[in-house]
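Nothing in this text is a laboratory measurement; each read-out follows from the coordinates by a stated rule. Every value quoted in this text rests on a predicted model; they were computed, and no experiment measured them. Neighbour counts run over all protein chains shown; Cβ positions are idealised from the backbone, glycine included.
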Amino acid sequence: MKYRLLTKEQFEALHQEFALFLATQKIDAQEWDALKQEKPEVADEELAIFSDLVWEDVLSKTHYIEHFSTDSVNFFHCDETEIHRIYVKVHKEIDLLEQAGFEWLLQNPSDAQVELFTGSKPYDGERNLEIFDLIEKGGSLSKGELYTYFKGMIS
């Protein structure tokens, strides 16, 4: 398995897609139920293959990731060959995980207590695996508005 199994909630949300996937494997609902009972290792393998397909699709379409902590934020732009990072560090007694702290940052990005750093690097290995690693470490997919906002401040 390349990534990890989808969660139960993710499988439930992708119920129709999973049914289509099983259909491409020539497995109908009755056969699936039998497979789970009689050959659970084969059923687990089908779940793993489907999970990897879903992750691969999602990661291939991912261009921005955000990771928040109480006093810093990482914004990532993931292009095809490099990953670009904007790191925002706040030296003030606020919590960026709370609405008030985050709003303070958005209203005071040029404050002396806010530091911005940027960097870029080529992927060490496979692009999607590196993006997956960021997600597993707490990163969230985003549309890139905050990355663009802070990038504009730096440029």
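In this structure, is ALA34 without any contact (Cβ under 8 Å) to a residue 40 or more places away in the chain and surrounded by 17 or more Cβ atoms within 10 Å (Cβ to Cβ)? Steps first, please.
Values: without any contact (Cβ under 8 Å) to a residue 40 or more places away in the chain: yes; surrounded by 17 or more Cβ atoms within 10 Å (Cβ to Cβ): no.
Taking the combined requirement at face value, the residue does not satisfy it.
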Search segment 13-24 for residues being in contact with a helix residue (DSSP H, G or I) (Cβ under 9 Å, 6 or more places away or on another chain) and closer than 14 Å to SER51 by Cβ, and hand back the single one that is surrounded by the most Cβ atoms within 10 Å (Cβ to Cβ). PHE18
Please work out if PHE75 is part of a helix (DSSP H, G or I), touching a residue at least 12 places away in the same chain (Cβ under 8 Å) and under 17 Å from HIS63 (Cα atoms). no
